[in-house]
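The structure appears below as structure tokens.
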Amino acid sequence: MPESKNYTGGCHCGLVRFECTGDLAMVTACNCSICTKKGLHFTFLAPASFHLRAGEDNLKEYLFNKHAIHTSSVPIAASRYLHAAASRMARKVVALNVSCIDGIELAKLQMTPIDGRNR
């Protein structure tokens with residue numbers, strides 16, 4: 001079983017900063033239009049494992065997928081870093097763009113293919 005670690009990260013311009021705890025056991029390689037065009041790779045965290053430390057006032061929300069998924073991004077930095085989604089079972093989850101984790105090396109992560117294009 002993968003070991004949970006503490007991570008820090010934020011947007012490109014530095015206005016938004018976060019801390020989280022997770023194991024990065026599953027990182028998505030989704031082929032939907034949003035993930036493909038923006039180069040997004042997500043890991044999924046319990047909301048209690050994610051803490052926004054700075055910049056909440058700088059976030060802009062975008063709703064997609066029938067307005068069921070709330071996406072936060074920083075317009076100035078053009079960083080899209082997290083999705084907060086509620087599943088059909090009303091279980092909340094934070095989908096964190098791992099590219100926003102400080103010092104992350106995508107080539108060293110095992111990616112899980114997701115066929116979002118055909119859902």
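The values are calculated or read from the model by the stated rules, or taken from the named source; none is laboratory data. Since the model is a prediction, treat every value here as computed from it, not as a measurement. SASA here: full protein model, heavy atoms, side chains in, ligands and nucleic acids out. Shrake-Rupley method; radii C 1.70, N 1.55, O 1.52, S 1.80 Å.
Taking the range 92-119 as the range and being assigned to a strand (DSSP E or B) and small (Gly, Ala, Ser) as the test, only ALA95 passes.
Can you pull out the residues in the range 26-37 that are more than 14 Å from the chain's Cα centre (by Cα) and open to solvent by less than 70 Å² (accessible area, probe 1.4 Å)? Within the range 26-37, ASN31, CYS32 meet the criteria. Put simply, of ILE114, ILE101, ILE69 the only residue that is within 13 Å of the chain's Cα centre (by Cα), modelled with pLDDT of 90 or more and aliphatic (A, V, I, L, M) is ILE101.
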